[in-house]
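All remarks here apply to the structure that follows.
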Amino acid sequence: MSSTHVLPQPTGPTPLEERLINLIEENGPISVGDYMADALGHPQHGYYISQDPFGKDGDFTTSPDISQVFGELIGAWLIESWQAMGAPSLFNLVELGPGRGTLMSDILRIGRLRPAFLDAARVFMVETSGRLRVQQQRTLDNTHPALSWVDHIEDVPLGPTLIVANEFFDCLPIRQFVRTAEKSDEPWRERLVGVNRDGDEARLCFTLSKQTYPDRPGMPNGSAPEAIYEECEAGQKFIEEIAPRLKDYKSRMLIIDYGHGRSAFGDTFQAVRRHQAWHPLASPGHADITAHVDFAALARTARAQELRVDGPVHQGDFLTRLGLVQRVEKLMQVRAEDKVKGLVKSGAERLVDPGGMGKLFKVMSISSPSLDMPPGFE
Ligand code: SAH
């Protein structure tokens with residue numbers, strides 16, 4: 001006998017939540033960063049390892065999938081940067097965290113306008129998720145003869161390098177510090193992830209460290225009581241790691257992400273699932289978790305390494321300066337159908353919308369000290 005009843009969706013803890021609850025009950029609370037690293041990157045249950053994050057049927061959509069214009073303009077920016085580097089006959093073209101591979105595919109298509117750029121490029125996709133690598137391979141099949149995947153940027157050979165990172169730094173683990181005392185030399189405690197148990201029912205919850213901390217380096221002055229300060233050591237370490245490359249070989253990096261241009265207080269630890277805001281401690285492994293990027297902290301790290309920093313500027317201004325309007329007009333001329341024309345226009349408008357992505361997203365470039373200001377930052 002068959003039944004047509006729709007079964008209720010299971011709402012219990014995810015496998016990763018169960019694992020974390022056991023771990024925390026045995027060893028004590030963990031940092032927000034350790035939680036984030038596991039929720040996103042756990043080799044079996046991590047979000048990027050086990051789920052299909054992108055697009056209408058996934059949890060969120062990123063700029064390259066909103067409009068091809070995004071990748072095309074960035075492709076043109078990379079070609080200009082390659083020229084500014086002296087058009088080396090061999091260079092590394094690196095993307096960090098390439099998602100579905102759409103951005104690189106659009107970059108390589110625009111690259112065909114400058115065959116010497118494509119000939120000189122060795123393309124490296126820095127991706128830790130095996131599942132996403134397969135998607136990227138599908139997207140990029142037969143697009144470039146020298147295309148490979150690596151786990152870490154250190155696996156990319158030394159030499160002139162162009163790096164692009166869209167929505168990569170926002171998924172690096174952060175630590176959060178909460179102000180708990182007004183008048184004290186050590187007014188901060190770390191926000192941790194603990195367990196709230198009621199009989200058989202256990203859920204993850206926020207808790208505070210017993211240990212107290214003095215003001216953190218880079219913190220702005222004058223925090224309100226209960227202020228939260230976020231620190232992304234992994235992001236800063238990443239800049240420190242690539243700094244010697246950017247110094248020794250004419251090279252440039254482009255970072256695009258949502259975040260703030262000045263270090264500030266605030267809780268930006270957030271999750272999204274099925275295109276809706278989600279509690280960051282609910283369903284670890286089944287939701288995307290991010291934090292806003294502190295561009296000022298990245299810029300400080302880069303300047304301390306004697307690198308050139310341009311920006312951050314708003315994504316809307318950056319793409320407009322690179323010629324978004326003209327590119328959209330051109331695309332509309334070659335597309336006959338009104339419906340497609342409408343989509344081309346609305347997608348591009350979303351990228352530069354001052355009430356949305358155009359301002360929330362920032363763009364920053366880090367270059368070898370000998371290079372001049374790149375396009376888009378005038
Ligand atoms: N840049 C893409 C996707 C952003 S989502 C876009 O714009 O659409 C984040 C991406 O970074 C995913 O591909 C994820 O698997 C990858 N990622 C996350 N942490 C990483 C790490 N530490 N090293 C390499 N890739 C990572």
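The values are calculated or read from the model by the stated rules, or taken from the named source; none is laboratory data. All values reported here derive from a predicted model rather than from experimental measurement. Virtual Cβ from ideal backbone geometry, glycine too; neighbours counted across all protein chains shown.
Key figures
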{"item": "Within the stretch 148-164, tally of residues that are surrounded by fewer than 22 Cβ atoms within 10 Å (Cβ to Cβ) and within 16 Å of the ligand (Cβ to nearest atom)", "result": "9"}
{"item": "Any strands (runs of 3 or more DSSP E) falling wholly within the stretch 177-270 and containing at least 1 residues that are among the charged types (D, E, K, R) and buried (at least 16 other Cβ atoms within 10 Å of the Cβ)", "result": "188-198, 228-231, 252-260"}
{"item": "Any hit, the stretch 102-110, residues being assigned to a loop (DSSP other than H, G, I, E, B), more than 11 Å from the ligand (Cβ to nearest atom) and among the basic types (K, R)", "result": "no"}
{"item": "Failed condition for V134, given (1) more than 18 Å from the chain's Cα centre (by Cα); (2) assigned to a helix (DSSP H, G or I); (3) hydrophobic (A, V, I, L, M, F, W, C); (4) crowded, with 16+ Cβ neighbours inside 10 Å", "result": "(4)"}
{"item": "Close pairs (6 angstrom Cβ cut-off, 6 or more residues apart or separate chains): closer than 11 Å to F124 by Cα and in contact (Cβ under 8 Å) with a residue 40 or more places away in the chain in the stretch 149-169, of a type outside the set (A, V, I, L, M, F, W, C) and part of a loop (DSSP other than H, G, I, E, B) anywhere", "result": "T161/S251"}
{"item": "Scope the stretch 302-321; condition under 13 Å from D257 (Cα atoms) and in a strand (DSSP E or B); matching residues", "result": "G311, P312, V313, H314"}
{"item": "Residue satisfying all of: in the stretch 69-101; within 14 Å of the ligand (Cβ to nearest atom) and assigned to a loop (DSSP other than H, G, I, E, B); surrounded by the most Cβ atoms within 10 Å (Cβ to Cβ) among these", "result": "P98"}
{"item": "Every residue from the stretch 24-68 that is away from the ligand (no atom under 12 Å from the Cβ) and of a type in the set (A, V, I, L, M)", "result": "I24, I30, V32"}
{"item": "Flag if R274 is surrounded by fewer than 16 Cβ atoms within 10 Å (Cβ to Cβ), within 24 Å of D52 (Cα to Cα) and among the charged types (D, E, K, R)", "result": "yes"}
{"item": "Flag for L172 being within 11 Å of the ligand (Cβ to nearest atom), modelled with pLDDT of 95 or more and either on the phi < 0 side of the Ramachandran plot or not acidic (D, E) (or both)", "result": "yes"}
{"item": "Residue match in the stretch 29-39 (condition: under 30 Å from G194 (Cβ atoms) and modelled with pLDDT under 95)", "result": "no"}
{"item": "Only listed residue being of a type in the set (S, T, N, Q) and at positive phi, chosen from N142, N166", "result": "N142"}
{"item": "The stretch 81-127, residues that are under 21 Å from Q68 (Cα atoms) and without any contact (Cβ under 8 Å) to a residue 24 or more places away in the chain", "result": "R112, P115"}
{"item": "Residue match in the stretch 121-128 (condition: within 25 Å of G259 (Cα to Cα), surrounded by 19 or more Cβ atoms within 10 Å (Cβ to Cβ), of a type in the set (S, T, Y) and within 12 Å of the ligand (Cβ to nearest atom))", "result": "no"}
